[in-house]
1. What is the number of the single condition among (1) polar (S, T, N, Q); (2) more than 28 Å from residue A:63 (Cβ to Cβ); (3) touching a helix residue (DSSP H, G or I) at 6+ places or on another chain (Cβ under 7 Å) that residue B:25 does not meet?
2. Which residue pairs have Cβ atoms under 6 Å apart, sit 6 or more places apart or on different chains, and have a first residue in the range A:39-61 that is closer than 23 Å to residue A:16 by Cα and a second that is open to solvent by 70 Å² or more (accessible area, probe 1.4 Å)?
3. Just to confirm my filter: which strands (runs of 3 or more DSSP E) fall fully inside chain B and include at least 1 residues that are open to solvent by 30 Å² or more (accessible area, probe 1.4 Å) and more than 8 Å from chain A (Cβ to nearest Cβ)?
2 protein chains.
Amino acid sequence: MYQSTIIITLRPSILDVQGKAVEHSIHTLGMNQVGNVRIGKSIHLTVNAVSEDEAKRIIEEACKELLANPVMEDYSFTIKKV
Amino acid sequence: MYQSTIIITLRPSILDVQGKAVEHSIHTLGMNQVGNVRIGKSIHLTVNAVSEDEAKRIIEEACKELLANPVMEDYSFTIKKV
């Protein structure tokens, strides 16, 4: 069994309105040292696979087929045996 | 300057309806090896701080004051110098 965390972010060229709003709110609280805020999704899941390679293949497929929008989003993931 | 990725997740005791829906969709695509899907937010930002400790303090404050709901959500973050 493998535990994976997938991070899905908007591509850098795409304006992140939600990130801009959060950055503005952080500045309003006085934390002006914070910048470049961008918001993404994190997806946490387990994969029942016999090898790490098989688990990676399944996660890649899930990202490509369902979880990420290939036009607007990038994805990355980490995986560990549990 | 420090780059940080913050992960905000629903607490384990709270039902994640969105995660359940995504898990159902993944199974519909034939990937029955996937389970325990939970969805969170990822927040990517930079902090202009003189030390890693100061950057961590600012990120902790942003999480507690604004980014995470302490009743329903947990947060964790990674940080690296850029």
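The values are calculated or read from the model by the stated rules, or taken from the named source; none is laboratory data. Bear in mind that the values here come from a model prediction, so they are computed numbers and not experimental data. With ideal geometry, Cβ positions are generated from the backbone for all residues, glycine too; neighbour counts draw on all protein chains shown. Note: accessible area is taken over every heavy atom of the protein model, side chains too, but ligands, DNA and RNA are not part of it. Shrake-Rupley method; radii C 1.70, N 1.55, O 1.52, S 1.80 Å.
1. (2)
2. If the second residue must be open to solvent by 70 Å² or more (accessible area, probe 1.4 Å), the pairs left are A:39/A:18.
3. Details: elements: B:2-10, B:34-47, B:73-81.
In chain B, B:2-10, B:73-81 are the strands (runs of 3 or more DSSP E) which contain 1 or more residues that are open to solvent by 30 Å² or more (accessible area, probe 1.4 Å) and more than 8 Å from chain A (Cβ to nearest Cβ).
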